[in-house]
Amino acid sequence: MSVDRVEEVEGAESETAVAAAAATASVHYYSVAPGYRLNVRRGPGTQYSVSRVLPEGAQVPIYCQTPGTSVAGPYGTSNIWDNIANGEFVSDAYVLTGSDGYVASRCG
């Protein structure tokens, strides 16, 4: 491998790091409804298994949102599911986003 090629690879890694940092900077955190412990599921619906439970007072990042099972919660009934980590989703009906619609991009 030539020195020129090594420089190109290092430049690509730097560009990837910058893009990842920019994407993370645009993520907003939202509060889970007061008084609720919230199930985190492995997919956007109640048919997916629970991977963990968030404690009362938790705040979650929303990386993207996707439609799934309709759920009734303290903030209404919604079929929107919030991706809060890789492969982890919570029902938007339990997250105070200030909107009945999407507040983040759709999951790919």
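Observations on the structure shown:
- Amide H contacts under 5 Å for Thr69: Gly45, Thr46, restricted to partners 5 or more places along the chain or on a different chain, H placed in the peptide plane at 1.01 Å from N.
- Spin-label pair Tyr29/Ser51, simplified geometry with 7 Å Cα→Cβ offset, distance in nm: 1.9
- Net lengthening on full extension, Asp100/Ser70 (0.36 nm per residue, minus Cα-Cα): 9.5 nm
- Sequence of Arg52, Arg41 when ordered by accessible area, the most exposed leading, probe 1.4 angstrom: Arg52, Arg41
The values are calculated or read from the model by the stated rules, or taken from the named source; none is laboratory data. Just so you know, these numbers come straight off a predicted model, no measurement behind them. Every residue, glycine as well, gets a Cβ built from its backbone with ideal geometry; the counts of neighbours run over all protein chains shown. These area figures cover heavy atoms from the full protein model, side chains too; ligands, DNA and RNA do not enter into them. Shrake-Rupley method; radii C 1.70, N 1.55, O 1.52, S 1.80 Å.
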